[in-house]
1. Pick from Phe141, Phe150: which is in contact (Cβ under 8 Å) with a residue 60 or more places away in the chain, touching a Lys or Arg at 6+ places or on another chain (Cβ under 8 Å) and either farther than 20 Å from Phe27 by Cα or of a type in the set (A, V, I, L, M, F, W, C) (or both)?
2. Of the numbered conditions (1) within 21 Å of Gln60 (Cα to Cα); (2) in contact with a strand residue (DSSP E or B) (Cβ under 8 Å, 6 or more places away or on another chain); (3) part of a helix (DSSP H, G or I), Leu123 satisfies every one except a single condition; which is it?
3. Quick one: count up the residues across the range 12-31 that are in contact (Cβ under 8 Å) with a residue 40 or more places away in the chain and either within 14 Å of the chain's Cα centre (by Cα) or more than 15 Å from Met1 (Cα to Cα) (or both).
4. Just give me the residues in the range 135-162 being in contact with a helix residue (DSSP H, G or I) (Cβ under 9 Å, 6 or more places away or on another chain) and either assigned to a loop (DSSP other than H, G, I, E, B) or hydroxyl-bearing (Ser, Thr, Tyr) (or both), in sequence order.
5. Do we have Asp151 as over 30 Å from Lys51 (Cα atoms), surrounded by fewer than 15 Cβ atoms within 10 Å (Cβ to Cβ) and in contact with a Ser or Thr (Cβ under 7 Å, 6 or more places away or on another chain) here?
6. State the number of residues belonging to the range 41-78 that are under 16 Å from the mean Cα position of the chain (by Cα) and either buried (at least 18 other Cβ atoms within 10 Å of the Cβ) or aromatic (Phe, Trp, Tyr) (or both).
7. Can you pull out the residues in the range 30-73 that are hydroxyl-bearing (Ser, Thr, Tyr) and under 19 Å from Ser14 (Cβ atoms)?
8. Filter the range 103-129 for residues that are at positive phi and crowded, with 24+ Cβ neighbours inside 10 Å and give the result.
Amino acid sequence: MKIIAFGASNSRNSINKKLATYVSHLFENAEVEVLDLNDFTIPLFSVDLEKEIGQPQQAQDFLDKIASADMLVVSMAENNSNYTAAFKSLFDWASRINGKVFQQKPMLLMATSPGGRGGANVLEIAKNAFPRYGADIKATFSLPLFDQNFDLEQHKISNPDFDNQIKDIVRNFSF
């Protein structure tokens, strides 16, 4: 089984990428590839720019990565209660090539943030929108207070309640 995982942020120190990396490696017998959105840097989407330059290769490359997966582990970063600009632009470009961006892949959809709501706003937006774009969301998970609940040295969730919760989700994940 191949898992494509990513944090929907272009921050070099993305806490969502750290969470996606940790969780994706909890799946047994899986080949994991963690994407970095910085490898898919493209201009902000606009129809005018699309007419001028066509489709950026990075958008197709992103779709190809998704196509190669048996499953997706996605952790949404939240900027002002919504998607990050980097993710939204990549998503917009990709959707112009294939409206079913997530290609009916089973998805574990997550979010984390330094705050107590754990990215709840963006998680809810993605949970409602992604199925229209081909996501087969099987489970969701939110990790609040990232700095208090994730051990950066051990690269894992340090709060036993949240760690047990995500391990139960992984154990019971159905394809």
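1. Working: Phe141 fails: touching a Lys or Arg at 6+ places or on another chain (Cβ under 8 Å).
That would be Phe150, the only listed residue that is in contact (Cβ under 8 Å) with a residue 60 or more places away in the chain, touching a Lys or Arg at 6+ places or on another chain (Cβ under 8 Å) and either farther than 20 Å from Phe27 by Cα or of a type in the set (A, V, I, L, M, F, W, C) (or both).
2. Only one criterion is unmet by Leu123, namely (1).
3. Of the residues in that region, 11 qualify.
4. Thr140, Ser142, Pro144, Leu152, His155, Ser158, Asn159
5. On the way: over 30 Å from Lys51 (Cα atoms): yes; surrounded by fewer than 15 Cβ atoms within 10 Å (Cβ to Cβ): yes; in contact with a Ser or Thr (Cβ under 7 Å, 6 or more places away or on another chain): yes.
So Asp151 passes the test.
6. Count: 13.
7. As a first pass, look at the range 30-73 and keep what is hydroxyl-bearing (Ser, Thr, Tyr): 41, 46, 68.
Answer for the range 30-73, where residues must be hydroxyl-bearing (Ser, Thr, Tyr) and under 19 Å from Ser14 (Cβ atoms): just Thr41.
8. As a first pass, look at the range 103-129 and keep what is at positive phi: 103-104, 118-119.
Answer for the range 103-129, where residues must be at positive phi and crowded, with 24+ Cβ neighbours inside 10 Å: just Gly119.
A short reminder: the numbers here are calculations on the coordinates, not readings from a lab. Computed from a predicted structure; not experimentally measured. Counting neighbours? That spans all protein chains shown, and the Cβs are built from the backbone with ideal geometry, glycine included.
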